[in-house]
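Input: a single structure, listed below in structure tokens.
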Amino acid sequence: MTILMIVLILSALVLAGAYYAYHVAFHAPKKGRPTADDPMTGPQYEAVADHLFRMTNVIRSIPFEPITVKSHDDLTLFGRYYHVKDGAPVEILFHGYRSCAFRDCSGGHALSRKMGFNSIVVDQRAHGESGGNTITFGIRERFDCLRWAEYARDRFGAETPIILSGLSMGAATVLMASGLSLPENVVCIMADSPFSSPISIIEKVCRDMHYPVALCRPFLHLGARLFGKFRLNECEATQAVRRASVPILLLHGEEDDFVPCPMSTEIAACCASPVTVHTFPEAGHGLSYVVDPLRYEHAVFDFLCKIPKVRDKISEGFVRQLSE
């Protein structure tokens with residue numbers, strides 16, 4: 001009886017530890033989700049807070065069409081469609097972990113509009129207005145990305161070029177989606193500040209918080225499996241891009257203190273498709289466009305100019321602006 005009690009107590013402790021790990025890393029209830037009004041903390045953000053606030057206010061002021069799709073596991077996913085021009089390419093933008101679309105996609109959306117593209121700004125699962133309460137660091141989100149790409153193909157036609165782009169976890173999402181059978185009119189992927197794998201970034205954050213990684217690891221895996229119903233090592237960006245068939249642009253701040261810049265280098269080394277990498281000195285996490293907007297715009301323009309289906313559809317006004 002004593003042995004049985006010990007086993008039961010140990011089992012209860014393990015389950016409690018797994019649930020705690022799930023709750024901290026992956027659980028995201030509808031109530032209290034991040035919004036664009038929440039302050040961003042940390043010295044890297046404080047230095048550019050006013051600029052970020054202005055960018056966020058711009059995207060919030062632009063009219064949009066609310067749209068939804070059903071995920072492969074029957075969640076209702078929410079997005080905002082911004083129309084610029086009939087027949088223009090469609091860029092689908094994905095935000096980061098425990099963040100929001102208005103904040104993370106404000107820069108990418110502004111650049112997309114400058115280039116004359118239509119755009120879909122997505123609330124990732126367990127964020128914003130989308131369903132679900134488990135964040136899977138791109139593992140399930142990659143299938144959501146596929147559904148949004150299929151939606152864009154079905155709505156705008158198989159001849160309309162589709163660009164997948166994301167920041168932070170959104171960047172990892174689109175890179176993980178590169179290994180899936182995407183619609184043929186997905187012409188490229190642009191990923192800003194991606195992490196190489198879910199477990200790599202989670203363990204990096206554990207080290208930053210001075211948690212014992214070796215002790216945390218089994219509880220993270222178990223919590224994800226038991227309570228999130230997914231395997232933490234099911235997919236990673238470095239694995240998925242080995243099956244990529246479209247050109248990939250990687251952008252990363254060299255002073256990124258959340259997702260280390262070498263993770264983009266690691267991803268690039270694994271790409272089966274053509275890959276271009278730009279790193280930005282003095283730029284923190286997701287802040288490359290804020291720190292050096294002109295170089296960022298040139299990097300994106302030069303990349304897209306190599307894609308025939310997109311090159312001739314870039315706004316002439318934007319091209320003239322870059323040449324001045």
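So which residues in region 212-253 are among the charged types (D, E, K, R) and surrounded by fewer than 22 Cβ atoms within 10 Å (Cβ to Cβ), if there are any at all?
Kept after step one, since they are among the charged types (D, E, K, R), are these residues of region 212-253: 217, 225, 229, 231, 234, 236, 242-243.
Across region 212-253, the qualifying residues are Arg217, Arg225, Lys229, Arg231, Glu234, Arg242, Arg243.
Just one of (1) open to solvent by less than 20 Å² (accessible area, probe 1.4 Å); (2) farther than 22 Å from Pro198 by Cβ; (3) assigned to a helix (DSSP H, G or I) fails for Ile314. It is (3).
The C-beta contact set for region 94-111 (first residue within 9 Å of Asp123 (Cα to Cα), second residue open to solvent by 30 Å² or more (accessible area, probe 1.4 Å) and of a type in the set (S, T, N, Q), distance under 7 angstrom, 6+ apart or interchain) comprises Cys100/Thr35. Cβ separations smaller than 6 Å between residues 6+ apart or across chains give the following pairs from region 24-41 residues that are within 18 Å of Gly131 (Cα to Cα) to residues that are open to solvent by 40 Å² or more (accessible area, probe 1.4 Å): Ala28/Asn133; Pro29/Asn133; Pro34/Arg98.
Within region 140-155, residues that are closer than 12 Å to Cys235 by Cβ reach partners that are surrounded by fewer than 22 Cβ atoms within 10 Å (Cβ to Cβ) and acidic (Asp, Glu) with beta carbons closer than 9 Å, at six or more positions or on different chains, in the pairs Arg140/Asp73; Arg140/Glu234; Phe143/Asp73. I'd like to check something: does region 153-165 contain any residue that is more than 20 Å from Val90 (Cα to Cα), more than 16 Å from the chain's Cα centre (by Cα) and either surrounded by fewer than 19 Cβ atoms within 10 Å (Cβ to Cβ) or modelled with pLDDT of 95 or more (or both)? Checked region 153-165: no residue is more than 20 Å from Val90 (Cα to Cα), more than 16 Å from the chain's Cα centre (by Cα) and either surrounded by fewer than 19 Cβ atoms within 10 Å (Cβ to Cβ) or modelled with pLDDT of 95 or more (or both). Filtering Arg225, Arg207, Arg153, Arg147 for residues that are over 16 Å from Ile267 (Cα atoms) and touching a His at 6+ places or on another chain (Cβ under 8 Å) leaves a single hit, Arg147.
Counting just the residues of region 39-69 that are polar (S, T, N, Q) and within 20 Å of the chain's Cα centre (by Cα), which one comes out modelled with the highest pLDDT?
We begin by selecting, within region 39-69, every residue polar (S, T, N, Q); these are 41, 44, 56-57, 61, 68.
Add one more test, that the residue is within 20 Å of the chain's Cα centre (by Cα), and what stays is 41, 44, 56, 68.
On the way: Thr41: 80, Gln44: 85, Thr56: 95, Thr68: 98.
Among those residues, the one meeting the criterion is Thr68.
Looking for something without any contact (Cβ under 8 Å) to a residue 40 or more places away in the chain, of a type in the set (Lys, Arg) and more than 25 Å from Leu287 (Cα to Cα) - is there at least one such residue anywhere in region 63-83? No - not one qualifying residue is present in region 63-83.
Could we say that Phe26 is at pLDDT 95 or above and open to solvent by 30 Å² or more (accessible area, probe 1.4 Å) here? I'd like the intermediate steps shown before the answer.
Details: at pLDDT 95 or above: yes; open to solvent by 30 Å² or more (accessible area, probe 1.4 Å): no.
In short, no.
Taking the conditions exactly as written (touching a strand residue (DSSP E or B) at 6+ places or on another chain (Cβ under 7 Å), at positive phi and at pLDDT 95 or above), does Ser193 satisfy them or not?
On the way: touching a strand residue (DSSP E or B) at 6+ places or on another chain (Cβ under 7 Å): yes; at positive phi: yes; at pLDDT 95 or above: yes.
It is true that Ser193 is touching a strand residue (DSSP E or B) at 6+ places or on another chain (Cβ under 7 Å), at positive phi and at pLDDT 95 or above.
Would you say Val187 is under 19 Å from His252 (Cβ atoms) and either in a helix (DSSP H, G or I) or more than 15 Å from the chain's Cα centre (by Cα) (or both)?
Working: under 19 Å from His252 (Cβ atoms): no; either in a helix (DSSP H, G or I) or more than 15 Å from the chain's Cα centre (by Cα) (or both): yes.
So Val187 does not fit the description; no.
Would you mind stating whether Ala36 is under 15 Å from the mean Cα position of the chain (by Cα), within 26 Å of Asp256 (Cβ to Cβ) and assigned to a loop (DSSP other than H, G, I, E, B)?
Numbers: under 15 Å from the mean Cα position of the chain (by Cα): no; within 26 Å of Asp256 (Cβ to Cβ): yes; assigned to a loop (DSSP other than H, G, I, E, B): yes.
Against the criterion (under 15 Å from the mean Cα position of the chain (by Cα), within 26 Å of Asp256 (Cβ to Cβ) and assigned to a loop (DSSP other than H, G, I, E, B)), Ala36 does not qualify.
Look at Ile189 and say whether it is among the β-branched types (Val, Ile, Thr) and touching a Phe, Trp or Tyr at 6+ places or on another chain (Cβ under 9 Å). So Ile189 does not fit the description; no. The single condition among (1) without any contact (Cβ under 8 Å) to a residue 24 or more places away in the chain; (2) under 30 Å from Pro43 (Cα atoms); (3) among the β-branched types (Val, Ile, Thr) that Thr276 does not satisfy is (1).
The values are calculated or read from the model by the stated rules, or taken from the named source; none is laboratory data. Since the structure is predicted, the reported quantities are computational estimates derived from the model, not experimental observations. Every residue, glycine as well, gets a Cβ built from its backbone with ideal geometry; the counts of neighbours run over all protein chains shown. These accessible areas exclude ligands, DNA and RNA; they are computed on the full protein's heavy atoms, side chains included. Shrake-Rupley method; radii C 1.70, N 1.55, O 1.52, S 1.80 Å.
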